[in-house]
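The values are calculated or read from the model by the stated rules, or taken from the named source; none is laboratory data. Just so it is clear, the model here is predicted, and its values are computed rather than measured. Because the Cβ atoms are built from the backbone with ideal geometry, glycine has one as well, and the counts that use them run over all protein chains shown. To get the accessible areas, we keep the full protein, side chains included, count just its heavy atoms, and leave off ligands, DNA and RNA. Shrake-Rupley method; radii C 1.70, N 1.55, O 1.52, S 1.80 Å.
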Amino acid sequence: MTVTQLERRVFAIAILFVLLLFGFAALAVNQFHVGLPTCLTSVKPFQKGELITHAPNHYEVHYVARMWRFEPEEVTVPAGSIVDVYVSTPDVTHGLILLGTNLNLMAVPGVVNYARIKFDQPHVYQVLCHEYCGLGHDRMAATLRVVDAATYHSPKPSPPPLATIDAGYRLLEEKECLSCHSLHADADLAPSFKGIYGKTQTLGDGSVIAIDDAYLRESIVHPSAKLVKGYDDVMPVPTATDEEVEQMIQYLKTTK
Ligand code: CUA
């Protein structure tokens, strides 16, 4: 293959123009602090990736496709529900395809696209970008989970903290902390535990601190370290495991 003089010149000029384009873009960003353009729709509800629940069987997902991810990355809806899917993008053109269904949308800057889909059976769907959008295109994926309606609507198991809080109270009693520290009014022997967490306290050296986990932990393990103003260094060091100390702190957060 021979490349003529003219072709060489055309190549050189084309390359020169490309370099000039990038050069001017870099100059604009670095020297003149021009922000890179963003084209996310100005219609508020579509600027954020989120799942909205309208009814137990009607949902709305706002996908924001950006280089190179979908927001939200994980969506879970119950089987039997109708889902209205909206997609927008702030940067370049992306695609949104829900594998295994006929849901297929383009994500175009400044535009909101929409489709409705009904999910009958539980299934884990992959959301993929199907429009080449740059280096990370092949990584652009999200998950849409359709779960059994009964599972979705069953009440979530309540978190365990209550048990921890109870345990904390029992430990304070067991280790006789409550003989000196009152849970109600101020006691003479030791600072009260009433509303202790988060309040500010003046120490013996005049400094003022906010009572947080770290302070409580230190005061249980090394009672002499930071004495509250007006109290003597008389507290015995309780024997307690790290876990027990944590439980006591959790309880002290609740003594309003
Ligand atoms: Cu986004 Cu390809």
Just to be sure, is T143 surrounded by 13 or more Cβ atoms within 10 Å (Cβ to Cβ), part of a loop (DSSP other than H, G, I, E, B) and not acidic (D, E)? no
Of the conditions (1) more than 30 Å from Y251 (Cα to Cα); (2) among the acidic types (D, E); (3) more than 13 Å from the ligand (Cβ to nearest atom), D166 satisfies every one except a single condition; which number is it? (1)
Which residue pairs have Cβ atoms under 9 Å apart, sit 6 or more places apart or on different chains, and have a first residue in region 116-133 that is touching a residue at least 40 places away in the same chain (Cβ under 8 Å) and a second that is of a type in the set (D, E) and open to solvent by less than 70 Å² (accessible area, probe 1.4 Å)? C133/D91
Do we find a residue being over 23 Å from N57 (Cβ atoms) and surrounded by fewer than 13 Cβ atoms within 10 Å (Cβ to Cβ) anywhere in region 109-117? no
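Within region 91-126, can you find the residues that are within 11 Å of the ligand (Cβ to nearest atom) and in a strand (DSSP E or B)?
Kept after step one, since they are within 11 Å of the ligand (Cβ to nearest atom), are these residues of region 91-126: 91-97, 106-107.
If the condition is that a residue be within 11 Å of the ligand (Cβ to nearest atom) and in a strand (DSSP E or B), then H94, G95, L96, I97, M106, A107 are the ones that fit.
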Which condition from (1) open to solvent by 10 Å² or more (accessible area, probe 1.4 Å); (2) under 22 Å from R139 (Cβ atoms); (3) of a type in the set (F, W, Y) is the one that Y86 breaks? (2)
Which residue, of A225, A214, A163, is at pLDDT 85 or above, in a helix (DSSP H, G or I), out of contact with any Pro (no Cβ under 8 Å at 6 or more places or on another chain) and loosely packed, with under 13 Cβ neighbours inside 10 Å? A214
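Take the residues in region 129-138 that are open to solvent by 50 Å² or more (accessible area, probe 1.4 Å) and touching a strand residue (DSSP E or B) at 6+ places or on another chain (Cβ under 8 Å), then tell me which one is nearest to the ligand (Cβ to nearest atom).
Of region 129-138, the ones open to solvent by 50 Å² or more (accessible area, probe 1.4 Å) are 130-132, 135, 138.
Okay, now just the ones that are also touching a strand residue (DSSP E or B) at 6+ places or on another chain (Cβ under 8 Å), so 130-131.
Numbers: H130: 7, E131: 5 Å.
In this case the residue turns out to be E131.
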